Structures are given as structure tokens and as C-alpha cells.
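Notes for the one structure printed next.
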Amino acid sequence: MTREEVFEKLDGVFQDVFDDKDIHVTDTTTSSDIEGWDSLVHISLISAIEGVFDIEFDIDEISAMKNVGKMADMILSKIA
Amino acid sequence: MSGERTVSVRRIQDADLENIMNWRMKPEVTRYMNTDPKLTLDGQRKWFVKLQSDETVDYWIIVIDGEPAGVINLADLDDPNGQVGWAYYIAVDHLKSFETAISLEMSLYDYVFDHLKKKSIIANVFSANKGVIALHKLCGCEFLEEKKEFIEKNGIKYDMTFQIMTVERWRTIREKMHYQKVKFDV
């Protein structure tokens with residue numbers, strides 16, 4: 001899967017979790033950019049991503065996801 | 001997705017009661033709680049007086065970056081099997097973070113098992129509250145059971161999920177957990 005394909009899937013996950021079809025995430029997207037992205041929504045988001053990509057994250061990995069770019073890097077490293 | 005914050009947990013004081021009253025009636029706080037209370041400051045003062053002599057529960061204020069942000073509590077402290085319950089909320093939106101939630105939960109386990117010498121701790125969470133259920137799982141909690149239509153609130157029945165951490169499990173897994181140690185006022 002390419003990085004672009006990961007971002008396409010991430011768009012879908014974010015759109016579902018935030019119920020907003022206009023959301024499109026980029027490398028630099030952070031929780032400050034999307035209304036309602038608090039710590040609990042973050043966990044729901046992580047759970048949804050784990051389901052879509054069939055992977056699992058540990059606490060340290062989740063803590064290291066400072067933006068969606070880091071999230072994509074982490075996903076790519078797990079599905080490689 | 002936030003940096004590390006300074007977190008502390010201290011005993012409730014009189015001056016906190018108005019904050020607690022307002023937090024506890026916020027829709028986003030009551031949404032996943034067993035009751036939607038209508039509180040008054042006078043009622044809060046009576047609750048606080050009663051709390052001082054109640055040895056079955058314990059409550060603290062969560063302070064994040066120097067600002068009171070929420071409440072954490074233990075229940076069933078008199079359980080003969082050493083199984084306690086707990087709950088918490090952070091009511092100030094800009095002080096919420098994943099790292100804070102993890103640190104609070106794991107530090108509470110340290111307090112419950114190392115200081116109080118309890119055997120297990122149970123969280124009961126509305127099954128619809130997927131974020132908190134996932135959070136407890138990340139902290140190492142195990143699924144215990146789900147009770148269908150366990151709580152009725154405002155005429156609506158809600159399923160409840162029960163998750164457990166035991167002293168044995170916590171002592172096995174905590175070494176690999178990285179979290180900010182939050183000290184609980186004894």
C-alpha cells in the first residue's frame with residue numbers, strides 16, 4: 001500500500017469518526033485542526049484505524065502520533 | 001495528540017464544590033454517567049460533609065497544569081474481597097489529553113494496589129463509550145462482562161461494560177508501561 005493509499009483510507013476513517021465528509025487529512029493535520037478531536041475521540045479514531053488496517057498500536061506508539069503524518073508512518077511500518 | 005502536561009491529584013476542598021457542581025451537570029460529563037443530577041451548592045456542601053465520614057469512597061480533584069480540571073474517585077473501599085470501583089472525568093476541554101488519561105489511570109492502579117493493598121479494581125463503562133473502553137484496554141484492563149440494559153436514565157436503558165485490573169496483572173505489566181507518575185494525596 002502506498003502512502004497516498006493510506007491517506008485515502010485515513011480520510012474515510014476521519015470522515016466516519018467525525019461524521020464530516022469534507023474532512024481531508026494531510027501530513028501536518030493535528031487535533032487543533034479538527035473540531036471535537038479530544039483525547040477520547042482520539043482513542044476512538046485509533047480503534048477505527050486499527051480495524052481498517054488490521055493492525056494494533058501500543059500506548060507509546062499512540063503517544064508518538066503528533067500529527068497525521070506520523071500516524072501514516074506508523075501505519076506503513078506495520079503493514080509493510 | 002498533546003504534549004505532556006503537569007498532573008496532580010489532591011483532596012477536595014470547600015472551594016472546589018461550585019466547580020464540581022457545574023462540571024457534574026455539563027451534558028458532555030453526564031452523558032456517560034449513571035445519573036443526570038440537578039445539583040445545588042447547598043446540596044454539594046451536604047454531600048461534602050457526608051463524604052468526610054464515608055469510609056467506603058474517596059474523591060480527589062484532578063489538577064492539570066495548575067488548573068482544577070476534573071474529579072477522580074474510588075468506591076467500595078469496604079469490599080471484603082478487596083475489589084474497588086473507580087471513575088473519573090475531566091470537564092475542562094482544553095486540558096484533556098491522551099497522555100493525561102493514561103497517566104491518571106495507571107497511577108491510580110499504583111495507588112490502589114501499592115498503597116491501599118487492594119486485590120482488583122473494576123471500571124463500569126457505558127458500552128457506547130467506546131473511547132473509554134479502548135483506553136482501559138490500552139492500560140491493560142481485561143473485559144469482565146457486559147450487562148445489557150443495566151442502567152435506565154431518562155427512560156432509556158443502557159448497556160454497561162465491566163473491565164477489571166487485578167493486582168497480579170498490574171504487577172506483571174506495569175514495568176513496560178510508560179506514564180507520568182501522579183501522586184495521590186493520602
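Could you go through segment A:40-47 and let me know if any residue there is facing chain B (nearest Cβ under 10 Å) and over 12 Å from the mean Cα position of the chain (by Cα).
Yes, there is a match, as at least one residue in segment A:40-47 is facing chain B (nearest Cβ under 10 Å) and over 12 Å from the mean Cα position of the chain (by Cα).
With respect to A:E35, determine if the residue is among the acidic types (D, E), surrounded by fewer than 19 Cβ atoms within 10 Å (Cβ to Cβ) and within 22 Å of B:A101 (Cα to Cα).
Yes; evaluated as a whole, the condition is true for this residue.
A quick yes/no check of all residues on (1) more than 25 Å from B:V182 (Cβ to Cβ); (2) at pLDDT 95 or above; (3) in a helix (DSSP H, G or I):
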{"site": "B:M1", "(1), (2), (3)": "no, no, no"}
{"site": "B:E4", "(1), (2), (3)": "no, no, no"}
{"site": "B:M21", "(1), (2), (3)": "no, yes, yes"}
{"site": "B:T35", "(1), (2), (3)": "yes, no, no"}
{"site": "B:L39", "(1), (2), (3)": "yes, no, no"}
{"site": "B:F48", "(1), (2), (3)": "no, yes, yes"}
{"site": "B:W60", "(1), (2), (3)": "no, yes, no"}
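Please give the number of the condition A:E50 fails out of (1) more than 10 Å from chain B (Cβ to nearest Cβ); (2) of a type outside the set (G, A, S); (3) closer than 30 Å to B:Y88 by Cα.
So A:E50 meets the others, but not (1).
For every residue, the table says whether it meets (1) within 14 Å of chain A (Cβ to nearest Cβ); (2) part of a strand (DSSP E or B); (3) among the aliphatic types (A, V, I, L, M).
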residue	(1), (2), (3)
B:E99	yes, no, no
B:I102	yes, no, yes
B:M106	yes, no, yes
B:D110	no, no, no
B:D114	no, no, no
B:K117	no, no, no
B:I121	no, yes, yes
B:V132	yes, no, yes
B:L135	yes, no, yes
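Return the residue satisfying two criteria in turn: it lies in segment B:4-48 and is small (G, A, S) and free of Cβ contacts under 8 Å to residues at least 24 places away in the same chain, and of such residues it is farthest from B:L95 (Cα to Cα).
Filtering first and then ranking leaves B:G43.
Given the conditions (1) within 13 Å of another protein chain (Cβ to nearest Cβ); (2) buried (at least 18 other Cβ atoms within 10 Å of the Cβ); (3) assigned to a helix (DSSP H, G or I), which single one is not true for A:T29?
(3)
The values are calculated or read from the model by the stated rules, or taken from the named source; none is laboratory data. If you're wondering where the values come from, they're calculated on a predicted model, not measured in any experiment. Using ideal geometry, Cβ is built from the backbone for each residue, glycine included, and neighbour counts are taken over all protein chains shown.
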